[in-house]
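Taking it in order: structure first as structure tokens, then the write-up.
The values are calculated or read from the model by the stated rules, or taken from the named source; none is laboratory data. It should be emphasised that the depicted structure is a prediction, and the values quoted were computed from it without experimental measurement. Glycine also receives a Cβ, built like all others from the backbone with ideal geometry; neighbour counts cover every protein chain displayed.
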Amino acid sequence: MQNAECRVEEKIRICFALCIREVGSFMGNVVITGGSRGIGAAAVALFASRGNRVFFLYEKEHEAAKTVAEKTGATPICCDVADGAAVKAAFDQIGDVDVLICNAGICFSGLMSMMPEEDWDRIFAVNVKGMYHCINAAMPSFLKKQKGSVVTVSSMWGRVGASCEVAYSATKGAVIAMTKALAQELGPSGIRVNCVAPGVIMTDMCANVDPEIMDEMAQESCVGRNGTPMDVAEAMVYLAEAEFVTGQVIGVNGGYIV
């Protein structure tokens, strides 16, 4: 697992060393929630390397956020996406928004019958209501320009469900439903809404999983490996740029589910 994370860090460093500035890659102001680590941190690095002005929200990981900001030049903002007032204040600070990446999320593993109600409420508050807060906060900017791109983050468990991850699966299923509905609702205003649904990605969420189980899951994928945060970040960039793509869910799971 450490080797996989080292490869991600190396890819980020190479990305910045080359100063990638592809034609048409500049999108403007990009806001990424949950940007202090894992998939979010990879997204911050990749979007920033393409010439965008990047802001990222984070809740608790102050040192990690500082490191990401120093490496990428992105602007960190401490904010709990479940707090509507805090989200509004953050977006007031940001101003104009061209691309919104709704990446912030938490998980819970265990039997639903053993899950405290407050944990159930919290995971929905972050994973679903947090998306509601952030998209609504970006909406004035999108509507003013009649243009914008939203990329949400679900999970392959939001598509097929997972035992002992009922709450997480339910929230990620809701993310997919919201994505499809919003794409239809906002399309006439020039706003695209798409979703990435990652599979097994080598992040902190997998830190406590038995390495043998991780290896088994890798072998069950079509490509024979688990994913990296940069795999997902690259899909996010594609969806943010693809002008004729909306309402779609892109599985980034190596063919673990097809």
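Numbers for the structure displayed
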item: Top-ranked residue in the range 193-246 [being assigned to a helix (DSSP H, G or I) and small (Gly, Ala, Ser); ranked as surrounded by the most Cβ atoms within 10 Å (Cβ to Cβ)]; result: Ala233
item: Residues of the range 247-256 that turn out to be touching a helix residue (DSSP H, G or I) at 6+ places or on another chain (Cβ under 6 Å) and either farther than 19 Å from Gly38 by Cβ or surrounded by fewer than 17 Cβ atoms within 10 Å (Cβ to Cβ) (or both), as a count; result: 2
item: Residue in the range 217-227 that is within 18 Å of the chain's Cα centre (by Cα) and in contact (Cβ under 8 Å) with a residue 60 or more places away in the chain present; result: yes
item: Single residue of the range 124-174 satisfying the filter (touching a Ser or Thr at 6+ places or on another chain (Cβ under 7 Å) and assigned to a loop (DSSP other than H, G, I, E, B)) that is surrounded by the fewest Cβ atoms within 10 Å (Cβ to Cβ); result: Gln146
item: Residues that are buried (at least 24 other Cβ atoms within 10 Å of the Cβ) and either without any contact (Cβ under 8 Å) to a residue 60 or more places away in the chain or farther than 24 Å from Ser154 by Cβ (or both), drawn from the range 25-47; result: Ser36, Val44
item: Boolean, Leu18 is hydrophobic (A, V, I, L, M, F, W, C) and either at pLDDT below 95 or over 20 Å from Tyr238 (Cβ atoms) (or both); result: yes
item: Condition broken by Gly187, with the remaining ones in (1) at pLDDT 95 or above; (2) not in a helix (DSSP H, G or I) satisfied; result: (2)
item: Conditions (1) surrounded by 14 or more Cβ atoms within 10 Å (Cβ to Cβ); (2) over 20 Å from Gln248 (Cβ atoms); (3) among the aliphatic types (A, V, I, L, M): number failed by Met114; result: (1)
item: Single condition Val200 does not satisfy, out of (1) under 18 Å from Lys172 (Cβ atoms); (2) at pLDDT 95 or above; result: (2)
